[in-house]
């Protein structure tokens, strides 16, 4: 009774498996091909339909390459729609590298300030340990994107193009992690002397971080000469602009007025309440990351109405679940794993969050929706994995998948009813730094 797996236990496991022909058949199949090829539900595949009653996109997808910049790509892809309409350009991209440069620098400052704030705690404290473990990630949230646009503006891609490190961030991030953890040690030691000494130690580390970023990503432009030729071959010139001036003139959406609507069905997150995650952010002095918890049907209604009104929708989800790249498709029942393994997969959305089986892992854009008699059936998704994935980079999501694996959209505050607008003014519930609702930023 000590919990050891005894020889008799192992023998019983072996006999139970060998005695069942279904298990042996599954073994024969899965040892030759992937389990997804075995488990895929043919009935669902045969019913796949990529058509939509409303489709907005007539542009090419972008490619975040080997980086975790999905939230930036999705945000910039949302904003580029207005630029293409305003300028007559057939295709346009903002510089994702420019946005990432400032996020990395701001995030370093945010991290070191958090280290100063927690300097009186032991280095093995769970929050301190989390900060040290998650430093220098690529991820982020909508409010963090909005903060970058408000402070640093934007530039067209040609004025700060991709580099090897912006497209493949692993090595750069490893250097940043080392320097920031080394800086954290210096800052914690200096805090014992005074706050001024801690800030001086932070400034030294920030100088190193800026240098590393410039070496890997290039130096961000302070101003640039903006001119272009539209799809009708007509030339335009707008003169020399700063990134902030460019964003103010060409970003047509009120980025700062968007709010994050999330569906968190755990009992700890009441519907109709706001909440935040401790130490989730990037720009000191920028807006806090605030979520408003609502039910999934409300999120669908807002998203569908926004798309039908001509505007794509930024959203966060658990991208890898029940997904097929070959069919460019998501469906909650796409893989019949219970039949393959003869066991249940019965955790609901709340339980999957509580037991670390799901989290927001990716951000994309909704660019279409199929609505029949007022009911949404499926959604068109613009990804940022390049044109070689899905159908030229676009995917179709069945409504069943939305229910289970979509967690968040960014929506205009004006789209909310009065009671929910009022709820945004309440002081948010603070979830711990390691809560899964902060996962997209990691």
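The values are calculated or read from the model by the stated rules, or taken from the named source; none is laboratory data. This is a predicted model, so every value here is computed, not measured. Cβ: placed from backbone, ideal geometry, glycine included. Neighbour counts: every protein chain shown.
General observations
- The single residue among 256, 218 that is under 28 Å from the mean Cα position of the chain (by Cα), modelled with pLDDT under 95 and more than 30 Å from residue 356 (Cβ to Cβ) turns out to be 256.
- Each residue in the stretch 307-320 was checked for being surrounded by 18 or more Cβ atoms within 10 Å (Cβ to Cβ) and assigned to a helix (DSSP H, G or I), and 1 pass.
- Residue tally, condition in contact with a helix residue (DSSP H, G or I) (Cβ under 6 Å, 6 or more places away or on another chain) and farther than 26 Å from residue 188 by Cβ, over the stretch 200-227: 5
- Odd one out for residue 304, checked against (1) part of a loop (DSSP other than H, G, I, E, B); (2) closer than 25 Å to residue 75 by Cα; (3) more than 16 Å from the chain's Cα centre (by Cα): (1)
- Against the conditions (1) closer than 29 Å to residue 76 by Cα; (2) in contact (Cβ under 8 Å) with a residue 40 or more places away in the chain; (3) surrounded by fewer than 22 Cβ atoms within 10 Å (Cβ to Cβ), residue 181 satisfies every one except (1).
- Residue pairs meeting the criteria (Cβ under 7 Å; at least 6 apart or on separate chains; first over 28 Å from residue 105 (Cβ atoms), in the stretch 266-283; second assigned to a loop (DSSP other than H, G, I, E, B)): 271/294; 271/295; 273/426; 274/290; 274/424; 274/426; 274/428
- Per-region count, the stretch 377-431, residues part of a helix (DSSP H, G or I) and exposed (fewer than 14 other Cβ atoms within 10 Å of the Cβ): 4
- All helices (runs of 4 or more DSSP H) inside the stretch 1-96 with 3 or more residues being out of contact with any strand residue (DSSP E or B) (no Cβ under 7 Å at 6 or more places or on another chain) and surrounded by 17 or more Cβ atoms within 10 Å (Cβ to Cβ): 70-87
- Given (1) under 13 Å from residue 112 (Cβ atoms); (2) free of Cβ contacts under 8 Å to residues at least 12 places away in the same chain; (3) under 32 Å from the mean Cα position of the chain (by Cα), index of the condition residue 190 fails: (3)
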